[in-house]
Structures are given as C-alpha cells and as structure tokens.
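Report on the structure given below.
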Amino acid sequence: VAPRVPQVASRPWVRVIIEKPFGRSLASAEALNATVRKALAEHQVYRIDHYLGKETVQNLLVLRFANSIFEPVWNRQHIDHVQITAAESVGVEHRARYYEEAGVLRDMFQNHLLQLLTLTAMEPPVTFSADAVRDEKVKVLRALRPFEPGNAHEFAVRGQYGPGQRGNEVVPGYRDEPGIAPESRTPTFAAVRFLVDNWRWQGVPFYLRSAKRMPCRTTEVAITFRQPPHLMFPLPPGQGLQPNVLALRIQPQEGIALRFEAKVPGVDVRMVSVDMDFDYDEAFTGNDHDAYETLLLDCLLGEATLFTRSDEVEAAWRAVDPLIAHWEATPTPHFPNYAA
C-alpha cells in the first residue's frame, strides 16, 4: 500500500497490489473480485503478473504495432501456427506446498502463458492506454474455443517428471521432492492447443506448453508462417522446405530472430535456413532492471496497462477451468512419464 496522501473528503490515497494466482478457479476468482470491490474501486487494484513487466513482453506490442512490415501478415492467411513455450530447468524447490495445490495449469497457463497469447493475438488498440489495451486482450480470451469434457484429450496432454540427471547431478522425481505426496497426481508438464474463434485467427492453432525439469530454461513465442503456395526451386529427394519462423525470446537470452531461406554460394541452387538475430544485451547496455521494478513503479504512477483487470482474470480462468476440472476428475496417465 502506497503512502497515504489526503484527497477529496480526506479519503486516503490507496493502491493495492495482489500477486498471482488470483484465485484458484473461476468461482474463487469471482468471489475474490467481489470481496475486493467491497473495499476498493477497480482503478485502485493492481493484479500483478511479473511476465508483463519484462521488456521483451512489452516489446511484443512495439514489434507488432510500430512496424508496418509485420501487421499485414499477422493473420490466418500467412501464419500456420503459434507456439508459446515456458520451460524451466528447476523442480519445485521450496514451493512444494503451493505447487501441490496449483499444478502447471494454475501456475503458468492461467496467467503467464495466456498473457503472452493475448498480446500475440490481440487487435490494435485505439490508444496505448490501460483500458484500450486490456479491452483488446479480454476480447481474445473471450474468443478462445471452450474445452468440452469429451474432447479434452484431443487438445491437451499432461505429464509429471520422474528421477533424472542434470549435468553430473542426479535429481529426484517430483514425488520424491520434500513436501510432495508419494502418489501425487499433480502435473508438472502440460501442452495445450488453443483455438481463437475470430476473424483474424480462425483455424490457426496456438500451442502453449510449460514444464519443470526441462533440459534448459527458456520462454519463447514462435510464429511459424505458411509455406509458399508454389516452390519453383528444386529440392533434393526427401528434403522439405523449412518454414519461416519469427521467434521472440522472452528469457533468458532476450531477443528476436527471423528464420528465412537463403541460397548457399555455389553453382547449384541450394537453400539453407539462416537467422537474422537481434539481441537485447548487445543492442542496449546499462538499462537492465527487474520486471517487478517496472511494475511497482507503474503502480506508484497509477499506470495500469501492464496489470490485469478483473474481467481479464475471470476470462482467463474461464479458459482453463474446464481442463483443470476434467483432469482432476479423470485418472491420470502413468506418472511419472518423463525424466527430469
């Protein structure tokens, strides 16, 4: 809570930051929102998601809407699919009690990954203001095709890590971590295919995935473009043309890479995929700051663009709640099913 500054009718100047996860289901988020509204107005509430404070996440909007070369091809006519990945090399560490209650969907999908999806898929806002940006993000969440209990297996898979090796270190499985139940059904891996039913994205799948105990730590948005309608260049037998990919690296090596085809020098026409790479650390020096620093400063300034609104939180829960409920009501596959 910020320092009290007298305002009209001597009421204190108040802003409240609430850390994610905001609730643990749609019903609990709605109840929490109702409770908060009894004491505070919406403009006083800052629901924080530190991913939105990352420079590379904010740059998604600049990349799309400040460059005329991308927006004309940012649609179903030119994009084949989008992959959003958040991989972690660590296990649950000291968060066992929380993670047992949350699992990967509540911990990563309802907030971080769906935020990246909305920024990737949203329409251009009229202005770069809090409500204008958040209005467009909410529209994307409302356009997500809902999961049906009978077809959830066609759209999502889950996993839990077992014992494995990290370098020369042998690491335990999830069920062997301190504070974890020996027969825990909590998933530590999920891959989900979302479909956005609107004019821009109809038929384009968004593949979201997150997991713990992966070979490396990385968060990335990869936009894969469609193949050319006709290829006039000869290809060796059995060789296909690699698609163009625009990769937005959120962490740890922040940057943007564009993969395209180029001719290999020589007499024959031979193609190879090459990357045009932009690296934040090389381009900008001396401006490093933590995502939370950005968000806390924005809160003090009353700038809510990078914070989630109440309807946005509820729409995100509405998107993942049916899948969570289905997984909790059905037997798990054979866990653990991947090695750390």
With all protein chains modelled, accessible area of V16 [1.4 Å, Å²]: 40 Å²
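Kirkwood Rh and Cα-based Rg: tell me the resulting Rg over Rh for region 106-208, rounded to two decimals.
Details: Rg = 18.2 Å, Rh = 16.4 Å.
Radius of gyration relative to Kirkwood radius: 1.11.
Which GluC sites (Glu not before Pro) from region 119-204 combine a DSSP loop assignment with at most 13 other Cβ atoms within 10 Å?
Those satisfying the criteria are E183.
Restricting things to alpha carbons, find the Rg to Rh ratio for region 26-65 using the Kirkwood radius for Rh. Please list the in-between numbers first.
On the way: Rg = 14.6 Å, Rh = 12.4 Å.
Looking at region 26-65, the ratio lands at 1.18.
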Would any residue of region 80-122 have its amide N under 19 Å from a label point 7 Å out along Cα→Cβ of V170? List them or say none. 91
Quick one: net charge of V196's neighbours, Cβ under 13 Å, K/R +1, D/E -1? +4
Residue by residue, what Karplus-based ³J(HN,Hα) values in Hz, rounded to whole numbers, does region 132-144 have, using 6.51, -1.76 and 1.60 with θ = phi - 60° and x for Gly and Pro? 5, 5, 6, 4, 5, 5, 5, 4, 5, 4, 6, 8, 5
By accessible area with a 1.4 Å probe, ligands and nucleic acids excluded, highest first: order of I17, I180: I17, I180
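Order these peptides, 110-118, 144-152, 306-314, by their mean beta-carbon neighbour count within 10 angstrom, highest first. Before the final figure, lay out the partial values.
Details: 110-118: 24.8, 144-152: 13.7, 306-314: 21.9.
Highest mean packing first, the order is 110-118, 306-314, 144-152.
Per-residue ellipticity at 222 nm for the chain, helices alone: DSSP H runs ≥ 4 residues times -39500 (n - 2.57), over residue total, nearest 500 deg cm²/dmol?
On the way: 9 runs with 95 residues, N = 340.
That comes out to -8500 deg cm²/dmol.
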Using only protein heavy atoms and a 1.4 Å probe, report how much of M232 is accessible, in Å² to the nearest 10. 140 Å²
Using a 10 angstrom cutoff on alpha carbons, build the Gaussian network for the chain and name the most mobile of T294, T285, T305. T285
Pairwise centroid distance, computed over Cα atoms, of region 107-127 with region 241-320, Å: 13 Å
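Among residues other than V36 whose Cβ falls under 10 Å from its Cβ, what is the net charge (Lys/Arg +1, Asp/Glu -1)? Could you put the intermediate results ahead of the total?
Working: positive: R37, K38, R47; negative: E42.
Cβ neighbours under 10 Å give a net charge of +2.
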Apply the Karplus parameterisation 6.51 cos²θ - 1.76 cosθ + 1.60, with θ equal to phi minus 60°, to every residue of region 19-25 and state each ³J(HN,Hα) to the nearest whole Hz, in sequence, with x for glycine and proline. 6, 6, x, 8, x, 10, 6
Among (1) 147; (2) 285; (3) 194, find the value of volume of the Cα convex hull per residue in Å³ that was calculated from the structure presented, and write down its label. (3)
Which lysines, on any chain, are close to K54 with Cα under 21 Å apart, when same-chain ones fewer than 8 places away are left out? K20, K137, K212
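Please identify the trypsin sites (Lys or Arg not before Pro) of region 30-109 that satisfy two criteria: DSSP loop assignment and at most 15 other Cβ atoms within 10 Å. Which are they? It would help to have the intermediate numbers written out before the result.
Values: sites: R37, K38, R47, K54, R64, R76, R95, R97, R106; in loops: K54, R76, R95.
Those that pass, being in a loop and sparsely packed, are R76, R95.
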Could you report the chain's accessible area per residue, 1.4 Å probe, as an integer in Å²? 52 Å²
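Which FRET efficiency value, to the nearest 0.05, do you get for A31 and R142 by plugging their Cβ-Cβ distance into 1/(1 + (r/R0)^6) with R0 = 25 Å? Each step should come with its number before you reach the end.
Details: r = 21 Å, r/R0 = 0.83.
The computed FRET efficiency comes out at 0.75.
Note down the magnitude of the dipole of region 155-196 about its Cα centre, charges +1 on Lys and Arg C-beta and -1 on Asp and Glu C-beta and zero elsewhere, to the nearest 20 debye.
Values: 5 positive and 4 negative charges, 52 e Å.
With only Lys, Arg, Asp and Glu charged at Cβ, the dipole is about 260 debye.
For region 109-222, which whole-number percentage of the solvent-accessible area (1.4 Å probe, protein heavy atoms only) is attributable to carbon and sulfur atoms? Spell out each step's value before the answer.
Values: 2830 of 5110 Å².
C and S atoms contribute 55 percent here.
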Need one value: the accessible area of D288 in square angstrom, 1.4 angstrom probe, rounded to the nearest 10. 130 Å²
Could you tell me the relative contact order of the chain? Use alpha-carbon pairs under 8 Å, at least six residues apart, and round to a whole percent. 26 percent
Using modelled amide H (1.01 Å from N, peptide plane; none on Pro or chain starts), what sits under 5 Å from the amide H of V204, excluding residues fewer than 5 places away? V196
Under a Cβ-Cβ cut-off of 14 Å, what is the net charge of the residues other than A304 that fall near it, where Lys and Arg count +1 and Asp and Glu count -1? -3
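The values are calculated or read from the model by the stated rules, or taken from the named source; none is laboratory data. None of the values given here were measured: they were computed from a predicted structure. Cβ coordinates were reconstructed from backbone atoms using ideal geometry, including for glycine residues, and neighbour counts include every protein chain displayed. Please note that ligands, DNA and RNA were not included when accessible areas were found on the heavy atoms of the full protein model with its side chains. Shrake-Rupley method; radii C 1.70, N 1.55, O 1.52, S 1.80 Å.
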